[in-house]
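S.K.: Below is a structure I'd like to ask you about.
Values quoted throughout were computed directly from the atomic coordinates according to the rules given, and no laboratory measurement underlies them. Note that this is a predicted model, so its numbers are computed, not measured. So basically every Cβ, Gly included, is an ideal-geometry build from the backbone, and we count neighbours across all protein chains shown.
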Amino acid sequence: MEKEQYKKLEQNVTPKPPYLKNVAKAFFVGGLICTIGQAVSLFYMIFFNFTEATAGNPTVATMVFFAMILTGFGLYKRIGQCAGAGSAVPVTGFGNAVISAAIEHRSEGLVLGVGGNLFKLAGSVVLFGVVSAFFVGLIKYILVTIGVVSW
Amino acid sequence: MVIVFQSKPSLLAGGVVAGPLEKRSIFSQYFDAIYDDERWEMKTNEQGHRKMVEEACEFAMKKAGVKNPDIDYFMGGDLVNQMTPTNFAARDLAIPFIGLFSACATSVSSVIVASLLTEVGAANFSLAGASSQHNAVERQFRYPVDYGSQKPQTAQWTVTAAGFALIGKHHEEYPSIEAATVGKSIDYGMDDPFHMGAAMAPAAFQTIQSHLEQRNQKIYNYDLILTGDLGQLGLKLLKGMLVESGVKNEELTLLRDAGAEFYGQDESFQSGASGAGCSAAIFFSYVIQQMRAGTYKRVLLVATGALLSPLSFQQGETIPCTAHAIEITMK
Amino acid sequence: MVMSFVFAFIVGGIICVIGQLLMDVGKLTPGHTLSTLVVVGAILDGMGLYEPLIDFAGAGATVPITSFGNSLTHGAMAEAEKHGLVGVLSGMFEVTSAGISAAIVFGFIGALIFKPKGNID
C-alpha cells in the first residue's frame, strides 16, 4: 500500500476528537475553576485588606496551592483528561505543569532534579509571556514618545 | 529473509510480573505475580523497573529448575535512557548480557537472537524478553505522569510489566521456534506520538506479509497471529491494509493484538496498551500457556516497535517503526 | 455579587473554550496553546482591553493564563511611564510575582512530600 493511500485509510479509521463534548467540558470546568477563583478573591476582600485590584495576587497564589494538593494526590491529571483546556488554561494548570515536573524529578535530587526541571513544561509560558510583554511595552513606549497614543 | 531454525529451539518457560494497574488486564490470571507497589518498594521508578526485570527472570528460571550460572546469555531491553533498568538487572543476574533496543518489538528481537545462539550451539539456555514501567517510560517519552494533559482516543497506555522467556534446545513438550522474520524499519510519514498504532501498523503489515510469502503460508495456516501493541486503532489499520492486499474477511478473526486486548474494553486506557512489557507479558504467559495446553498449535507472534525518541519528535521527525516475527509451533 | 460569579464563570469558560479549540482544531500541544494565550493576553493589555475585562469578569479574567501576559505587560508599561525605556524591562515582574513565586514554592514543597503516581482513577 502506498503512503498516500495509507494516509487516507488512517484518516478514515482515526476518530475525530469529540469537538462539542470537549468544548462543553472545557467551558464548564474552566468556568468552575474561575468561579472558585472569584470566591477566593472575595474571601480576601472581605476578611483581609484587599481591594478588587489587589486581590488578584493572593487569589492566584491560593489557586496554585490547590493545584499542588490535587497534583500531589494524582487528581489533577484525571481532571485534565476530562476537561482538557478547561483545567490547563487557568493558572492552576500552570501550577500543575510546574508541580508535576518538580515531583517527577525529585528522584534526581533537589538541585539537578527539581531545580533543573521545575520549568521544563511551564518555561515556554514564562518565556513567551515575558518576551511579548517586552515588545508590547516597547511598542507602546515608542508610540507614546512619538505622540501617537498616551499612557 | 526469513530465518528457519533447523534445531527448533524451545520456549522452556516464561516469567511475567506486572504492576498494580495490570490487575485490570484480562490476562492477569496468566501472570506469575502482580505487585501492589508500582515501584516494587524501591525508591525510584527506575529501580522498581530493574527489580521487575529481575523477578520476571527469576520466575522463568525457577519454573525450569535452572539457576543463574546455568544461563549462557541474557538478552533484553526496555525503553528508558540507555536501558539502565535492564543493564542494572543484568549486573545483579550476573549472566553474559547483550542489551537490545527495538522499542516495543524487543520482546521478539531478543528471542530471535537467543534462538540463533541456541541454533549455532553457543547456548544451552538463554533468557530473552523486554519490560516497561509506566512512570519511567511516560516521563521519558511524554510528560510527567502527574501532568494534566488530555490524551486523545488514539493514545495508548504504557503497561508496567516484564516478560522473559527461557530459551533452550528443542524439547517436544514445549512450544518451539520454527522460523523468524526480522523486520525493516518502515516509515509511512506518521508523526503523532499519541497515535503510535497508526505509525506501527504498516511495519506489522510488511513483516507479516513477507513472513507468509517466504514461508509459503496463508493466514489460515496459523491458529493465531498476535501482534504486539498496535492498540485497537492500529489493529483496525493493519486489518484494513490486509484486506486491501486481498486477505479475506473471515481470515481476519485469526488476527489479534496484545495491546488492544490487554485492558479489555476499558475506555480509560483509550486505544489500549503499549510498551515493551505489553507484548512480552502476553507472549510469555498467555501464549506459552495456551500452547502447552494445546489450544494453539501454530502461532505467529509479531512484536511492533515505534523507533522514536522525544528528541526526534521535537525536531519534527516522523516515526519509523519496526516489527519482528517468530513462528512458534507445538506438537 | 451573584452576577460577579456568573460573569467569572462565563468569561473564564469562554477563554478555556478558545484554548480547547486551539488544541482540538488547531492541533496544538498544550505548551503551544498556553504560550499562544499568554501572548494574546499581553497584546490585549497593550491595546488597553484586558483591564476592562478584569473589571467585568473578575477572576474569570485573572485566573486564566492570559492574565499572566496581561500583568507582565501591565507592569512593564507602568514602569515605562515612570522611568522611560528601562522601565519596560524592570517593571515586568512587578505585578506578576504571585503566580510564579507560588508555583516555585509549592513546586518545591510538592516535590518534598509527594511521589509520582501512575494511577488512572
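S.K.: For chain C, what is the relative contact order in percent, using Cα pairs closer than 8 Å and at least 6 residues apart in sequence?
M.R.: 21
S.K.: Scanning chain C for helices, which whole DSSP H stretches are 27 Å or more long along the axis (Cα) and average -1.0 or more by Kyte-Doolittle?
M.R.: Those that pass (Cα extent of 27 Å or more, hydropathy at least -1.0) are C:2-24.
S.K.: Provide C:SER67, B:SER274, C:SER90, B:SER149 in ascending order of the number of other Cβ atoms located within 10 Å of each residue's Cβ, fewest first.
M.R.: Fewest-to-most ranking of C:SER67, B:SER274, C:SER90, B:SER149: C:SER90, B:SER149, C:SER67, B:SER274.
S.K.: Between B:LYS43 and B:HIS170, what is the spin-label point distance in nm, taking each point 7 Å from the Cα along the Cα→C-beta axis?
M.R.: With each label point 7 Å from Cα toward Cβ, the separation is 5.1 nm.
S.K.: Only counting other Cβ atoms within 10 Å, I'd like B:MET291, A:MET63 sorted with the fewest neighbours first.
M.R.: So the residues, fewest neighbours to most, are B:MET291, A:MET63.
S.K.: What is the log10 of I(q)/I(0) for the range A:1-83, computed with the Debye formula using one identical point scatterer on each Cα and no solvent, at q = 0.17, 0.18 Å⁻¹?
M.R.: Listed by q, the Debye log ratios stand at -0.81, -0.86.
S.K.: Where the centroid of each part is defined by its Cα atoms, how far is the range A:13-89 from the range B:266-325 in Å?
M.R.: 38
S.K.: What is the sum of charges, Lys and Arg at +1 and Asp and Glu at -1, for the other residues whose Cβ falls under 13 Å from the Cβ of C:GLN20?
M.R.: +2
S.K.: Other chains near A:1-9: what is the mean number of their Cβ atoms within 10 Å of each residue's Cβ?
M.R.: 5
S.K.: Please identify, among B:LEU79, B:LEU11, B:LEU252, the residue showing maximal mean-square fluctuation in a Gaussian network model of chain B using a 10 angstrom Cα cutoff.
M.R.: B:LEU252
S.K.: Can you tell me the FRET efficiency between C:LYS27 and B:VAL120 if r is taken as the Cβ-Cβ distance and R0 is 45 Å, rounded to the nearest 0.05?
M.R.: For R0 = 45 Å, the calculated efficiency reads 0.35.
S.K.: For the pairs A:LYS16/B:LYS151; B:LYS218/B:LYS239; A:LYS16/C:LYS27; B:LYS239/C:LYS27; A:LYS21/C:LYS27; B:LYS8/B:LYS62, flag any whose C-alpha to C-alpha distance is greater than 19 Å.
M.R.: In this structure, B:LYS239/C:LYS27; B:LYS8/B:LYS62 lie more than 19 Å apart at Cα.
S.K.: Can I ask one more? Residue by residue, what Karplus-based ³J(HN,Hα) values in Hz, rounded to whole numbers, does the range B:24-35 have, using 6.51, -1.76 and 1.60 with θ = phi - 60° and x for Gly and Pro?
M.R.: Going residue by residue, I get 7, 5, 5, 9, 4, 5, 8, 6, 7, 7, 10, 9 Hz, with x marking Gly and Pro.
S.K.: Which net charge results for the neighbourhood of B:GLN232, defined as the other residues with beta-carbon distances under 12 angstrom from its beta-carbon, given Lys and Arg at +1 and Asp and Glu at -1?
M.R.: With Lys, Arg at +1 and Asp, Glu at -1, the neighbours total -2.
S.K.: Then there is this: Output the peptides B:230-236, C:79-85, B:85-91 sorted from most to least packed, where packing is the average of other Cβ atoms within 10 Å over each peptide's residues.
M.R.: Top to bottom by mean Cβ count within 10 Å: B:230-236, B:85-91, C:79-85.
S.K.: Taking each residue of C:2-8 in turn, how many C-beta atoms of other protein chains fall within 10 Å of its C-beta, and what is the average?
M.R.: If you average over the peptide's residues, the count of other-chain Cβ atoms is 4.
S.K.: Per residue and in Å³, how big is the convex hull formed by the alpha-carbon atoms of chain B?
M.R.: In chain B, the Cα convex hull volume per residue is 120 Å³.
S.K.: For the range B:234-247, in order, what is each residue's ³J(HN,Hα) by Karplus, 6.51 cos²θ - 1.76 cosθ + 1.60 with θ = phi - 60°, in whole Hz (x at glycine and Pro)?
M.R.: So the J values, rounded to whole Hz, are x, 5, 4, 5, 4, 5, x, 5, 5, 4, 4, 8, x, 6.
S.K.: Between beta-carbons, use under 15 Å as the cut-off and find the net charge around A:THR92, counting Lys and Arg +1, Asp and Glu -1.
M.R.: Here the count lands on +1.
S.K.: Return the average number of partner chain Cβ atoms within 10 angstrom of each residue Cβ along peptide A:53-63.
M.R.: For this peptide, the per-residue mean of nearby foreign Cβ atoms is 6.
S.K.: I've got another one for you. Roughly how many Å is it from the Cα centre of the range C:3-32 to that of the range B:112-134, as a whole number?
M.R.: 52
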